[in-house]
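The values are calculated or read from the model by the stated rules, or taken from the named source; none is laboratory data. Since the model is a prediction, treat every value here as computed from it, not as a measurement. Note that we place each Cβ from the backbone using ideal geometry, even for glycine, and neighbour counts take in every protein chain shown.
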Amino acid sequence: MTAMIPIQVTVNGRARALVVATHHTLLDVLRDDLGLTGTKECCLVGECGACTVMLDGRVVDSCLVLAVEADRAQVTTVEGLAHDGHLSPLQQAFLDKGAAQCGFCIPGQLMAAHALLAENPHPTIPEILEGLAGNLCRCAGYQQISEAVLAAAEAADR
Amino acid sequence: MSANGIGASPARVGGIGRVTGSQLYVADIRLQDVLHVKLVTLDCARARIVSIDTSAAEQVPGVRLVMTAAELPQPVPRFGPQFSDRPVLAVGETKYHGEPVAAVAAETKDAAEEAARLVWVEYEELPAIFSIAAALDPASPLVQDPAIRPNDPLAGTNVLREHRFGWGDVDAVAASADLVVENTYTFPMVTHFAIEPHGFMAAPDGDGIAVWSTIQHPNWLQKIIATILGLPLAKVRVFAPDPGGGFGGKQHAKLEPLVAFMALETGRPCRLILTLDETFQAVRRSSTEVRVRAGFRSDGRLVFRDIEANYLVGAYADIADRTVSKGGYASSGPYRVPAVRIVARSILSHTTPSTAFRGFGNPQPIWAVESNMDEAARALGIDPLEIRLRNLARRGEAFNPSDTPADGDWEQTVRRAAELIGWGSPLPPGRGRGIAVGMKSGPTTGLSYSTVRLLVDGSVIVYAGTSDMGQGARTVFAQIAAQELGAPIEWITVVMGDTAVVPYDQQTSASRSTVLMGNAVLAACRDVQAKLRAMAARLHGVDEAQVVVQRGVVRLPGRDLPILDILKPGLGRLGGELIGNGEMRKDAEPDHPLGGSAAFYEFNCTAVEAEVDEGTGDITLLRHVTVSDVGKALNPLQARGQDEGAAIQGLGHTLMEHYIYDEKGRIRNLGAIDYRIPTSMDLPLELHSEIVENGDGPGPYGSKGMSEGSLLCVAPAVAAAVRDATGVVIRDLPLTPERVWRALQERPTP
């Protein structure tokens, strides 16, 4: 029998009480239990970054975090970036710079970029490329993605 | 140029969904009462299935079905785009590592996974072949049972098809060559690695079936499912949400027939989302050995090219043989070559079925032929840029006598790339430059329909059966409608991905959609314009011939009116809409070697500057310039994204990507940890893309297709730069640090 454990987790500012299987990951719970499918599933070994979310202010691969580890934590997913129907400056910059092609990696890219800018509000392009090195994009839109992050950082200064 | 229309770069249609997470890909769609499917596979490539015991699996709570070949119609149906050779489940024998022998459907993913592990398959491992040499050895086993290839003279061999192309008499002219250069070049097995793994769902739908797939060709899938289930097309509804990257890997049906049978058997929706590792086992590009023997005059002009290209395809053909014929056919390149002899073979093996992959069989021979040209240039003491310019076909030249003449000013593209890289300027020691060209035939046939509805308020709905997998087709079609009907782009909806709603489109491949579907959308808009003209003539009592509709404006004799001033009164009190239909057809040409001539060519020139770490063999790309002839960029921002993305994807097979098989035919570097693709840290220090726009394409407003060009010749350009920097010639990809380092160690001391 699968062991089930109750957890409380705040996702995008909303407190949620859940009973989760002990072997299920935060990614499983976000997508399957909470229906937050913006966070994507790809490699499941923490290499591709498609499942990147913020956990208590840290950027993590949600496929490598057990759901029970998120008990009493604050989680931010891509669905939590826009406020009151307005895109965040980062999201807007991704649109403006053509950074989203097929789009499948973009939620993870956005969360990694969000974390990067929180830590380093004025990154250089090499710092952006390094900061996003854990997020694969097979459309290989890295150049437009890094330009978008730079533009978002500059927009925040204005 | 308007803010929305042609030549502008409005925000991607569908972009907001992509940056907010609300875009629904197949795996994001939740069907009520769904059963989760898990595949059962064996731990080797080729095995005789002795027995399958499903009893333990069936005991797992929540399991509703364990499907084996025995539960399928007999003989087990086979399917495929070119040959009907792939069984729904392995029959008697597995042919490659990862081929499903059974599948479990259960109430939860956990139960399906547990039960799949408990399906007990007794099997006997059999000798298998994983290389071209082994496949061609008469002592080797046959990959395919000759019985599934009736009336095929090659059925008793592992050669699926042998294609011969060419013109002139190579043997007769060979003696007139001042230099003959002959070498063999190899290209590795690589995989598409779309970040979205493949996913499939099926559900009974009244007296038919509904199928959801990450497919690029929904109409082709509809036909496969209808045939295999014996249903009329109208009873097979395929939903094809925008794929999360396709690159060719998602063109054709893979596991949809299996999931469809399971849905019908259980009477419930069934859902199979592959893992990335399973996706690695589902699709790859053909590895290739290309022998090039080429003759040159002392001034560098080509005398002949004699090319033998052996492509190692997988256990089932999928569309791989078409990549072999198209890639082989074009392998003499965009050059003036008096005599050409090409033989291209698709060779079966016990490996993952190879399929279309960006470049469609062309990057492999381009790697060989362009590298061979550099070897000739060195032997003749001619500059690599100069030798290319001396041979390049000029606009309108019938460089391939049986095909479309050169459709662009290709020299302009090459000269621009050379200028951007600073060709000929001095370099510091230890650095080198390389330049190469790539050319690929566009689609040889095509059929696209579009419907455009101009609604009473002036907003527009465009129906197009293209799959928008990142190339931005939605945006381009919306721009065409904005340009022709005057609606702001925010007032235009583009509907795709539902065969019950959207008119037929042959496929999304070969960089065709801007040209073929684009022309269909344009024709549908023009059909709406014709109805507006008739409406205006009726309302204003003028002759229809005196009315012109242009960019949202109706021009009557003496005055211009916005479209709405005609549309609203013209439609009258009941409202309604104007519906336009468009069709774009490129018919087959039965006498053509490929069954049809190129709709256009994708032409690219890539030039790089590189430095090699002599201690590690690591290559640093200091500059990477890619210039593509696109005819006309309908959306320059998206065109740049496609060009840069294809260039970087090309760096994958050039520098790092390759499958490693073990002695059992298992892919050892399965998954994201051991199979590396370019990351943001692998970008060239400077990447510069440019487009050449002469408005000389067959698509709307002079456009050509453009999503593959800048991948085509990355490898030969980089290898040439490595040679220039270090003096070593490497003829095998990828140029891993280890391979480069070994070559450096073997370099003769001067």
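Within the set B:ARG237, B:ARG322, the sole residue that is under 30 Å from A:CYS137 (Cα atoms), modelled with pLDDT of 95 or more, surrounded by fewer than 24 Cβ atoms within 10 Å (Cβ to Cβ) and among the basic types (Lys, Arg) turns out to be B:ARG322. Determine whether the stretch B:658-671 contains at least one residue that is within 13 Å of chain A (Cβ to nearest Cβ), closer than 23 Å to B:SER287 by Cα and of a type outside the set (A, V, I, L, M, F, W, C). Among the residues of the stretch B:658-671, at least one is within 13 Å of chain A (Cβ to nearest Cβ), closer than 23 Å to B:SER287 by Cα and of a type outside the set (A, V, I, L, M, F, W, C), which makes the answer yes. Among the residues of this structure, A:GLN91 counts as one that is at the interface with chain B (Cβ under 10 Å from one of its Cβ atoms), without any contact (Cβ under 8 Å) to a residue 24 or more places away in the chain and buried (at least 24 other Cβ atoms within 10 Å of the Cβ). Of all residues in the stretch B:166-178, at least one satisfies being without any contact (Cβ under 8 Å) to a residue 40 or more places away in the chain, over 21 Å from B:ALA368 (Cα atoms) and part of a loop (DSSP other than H, G, I, E, B).
Which of the residues belonging to the stretch A:1-19 are more than 12 Å from chain B (Cβ to nearest Cβ) and either within 13 Å of A:LEU55 (Cα to Cα) or touching an Asp or Glu at 6+ places or on another chain (Cβ under 7 Å) (or both)? Answer for the stretch A:1-19, where residues must be more than 12 Å from chain B (Cβ to nearest Cβ) and either within 13 Å of A:LEU55 (Cα to Cα) or touching an Asp or Glu at 6+ places or on another chain (Cβ under 7 Å) (or both): A:ILE7, A:GLN8, A:VAL9, A:THR10, A:VAL11, A:GLY13, A:LEU18. Selection of the stretch B:158-176 for residues being of a type outside the set (Lys, Arg) and either assigned by TED's automatic domain parsing to the domain that holds B:GLY328 or surrounded by fewer than 19 Cβ atoms within 10 Å (Cβ to Cβ) (or both) yields B:VAL159, B:GLU162, B:TRP167, B:GLY168, B:ASP169, B:ASP171, B:ALA172, B:VAL173, B:ALA174, B:ALA175, B:SER176.
B:THR351 passes every criterion in (1) part of a loop (DSSP other than H, G, I, E, B); (2) within 30 Å of B:PRO141 (Cα to Cα); (3) in contact with a Ser or Thr (Cβ under 6 Å, 6 or more places away or on another chain) apart from (3). The condition of being under 29 Å from B:PHE247 (Cβ atoms), modelled with pLDDT of 95 or more and surrounded by fewer than 18 Cβ atoms within 10 Å (Cβ to Cβ) holds for only one of B:ALA500, B:ALA473, that being B:ALA500. Of all residues in the stretch B:211-233, those satisfying the criterion of being crowded, with 23+ Cβ neighbours inside 10 Å and either aliphatic (A, V, I, L, M) or part of a strand (DSSP E or B) (or both) are B:VAL211, B:TRP212, B:SER213, B:ILE215, B:LEU221, B:ILE224, B:ILE225. Within the stretch B:609-625, not a single residue is in a loop (DSSP other than H, G, I, E, B), touching a strand residue (DSSP E or B) at 6+ places or on another chain (Cβ under 6 Å), within 14 Å of another protein chain (Cβ to nearest Cβ) and not aromatic (Phe, Trp, Tyr). Scanning the stretch B:284-319 for residues that are touching a helix residue (DSSP H, G or I) at 6+ places or on another chain (Cβ under 8 Å) and either at pLDDT below 95 or more than 23 Å from B:ARG731 (Cβ to Cβ) (or both) yields B:SER298, B:ASP299, B:ARG301, B:GLY314. Which condition does B:ASP33 not pass, out of (1) touching an Asp or Glu at 6+ places or on another chain (Cβ under 6 Å); (2) more than 13 Å from chain A (Cβ to nearest Cβ), if it passes all the others? Failed condition: (1).
Among the residues of the stretch B:651-694, just one is among the hydroxyl-bearing types (Ser, Thr, Tyr), without any contact (Cβ under 8 Å) to a residue 12 or more places away in the chain and in a helix (DSSP H, G or I), namely B:SER680.
Counting the residues of the stretch B:316-348 that are assigned to a loop (DSSP other than H, G, I, E, B) and of a type in the set (A, V, I, L, M, F, W, C) gives 5.
Cβ-Cβ contacts under 6 Å between residues 6 or more apart (or on different chains), taken from a first residue in the stretch B:252-278 that is assigned by TED's automatic domain parsing to the domain that holds B:ALA103 to a second residue that is of a type in the set (Ser, Thr, Tyr), are listed as B:GLU256/B:SER213. Within the stretch B:55-66, residues that are within 17 Å of B:ARG268 (Cβ to Cβ) have Cβ atoms under 6 Å from residues that are in a strand (DSSP E or B) and modelled with pLDDT of 95 or more in these pairs: B:GLU58/B:VAL66; B:GLY62/B:ALA106; B:VAL63/B:ALA106; B:ARG64/B:LEU35; B:ARG64/B:ALA105; B:LEU65/B:ALA105; B:VAL66/B:VAL104, counting only partners at least 6 apart in sequence or on another chain.
Looking at B:ILE215, B:ILE209, just one residue is out of contact with any Gly (no Cβ under 8 Å at 6 or more places or on another chain), farther than 30 Å from B:GLN649 by Cβ and hydrophobic (A, V, I, L, M, F, W, C), and that residue is B:ILE209.
Of everything in the stretch B:1-23 that is aliphatic (A, V, I, L, M) and in contact with a Ser or Thr (Cβ under 7 Å, 6 or more places away or on another chain), the residue that is farthest from the other protein chains (Cβ to nearest Cβ) is B:ALA8. When A:ALA70 is tested against (1) surrounded by fewer than 18 Cβ atoms within 10 Å (Cβ to Cβ); (2) in contact (Cβ under 8 Å) with a residue 60 or more places away in the chain, exactly one condition is not met: (1).
Conditions (1) over 29 Å from B:PHE477 (Cβ atoms); (2) outside any loop (DSSP other than H, G, I, E, B), marked per residue:
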| position | (1), (2) |
| --- | --- |
| B:ALA398 | yes, no |
| B:ALA406 | no, no |
| B:THR413 | no, yes |
| B:GLU419 | yes, yes |
| B:PRO426 | yes, no |
| B:PRO443 | no, no |
| B:SER448 | no, yes |
| B:VAL452 | no, yes |
| B:ILE461 | no, yes |
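For the residues A:ALA99, A:ALA82, A:ALA70, the requirement of being facing another protein chain (nearest Cβ under 9 Å) and over 24 Å from B:GLY245 (Cα atoms) singles out A:ALA82.
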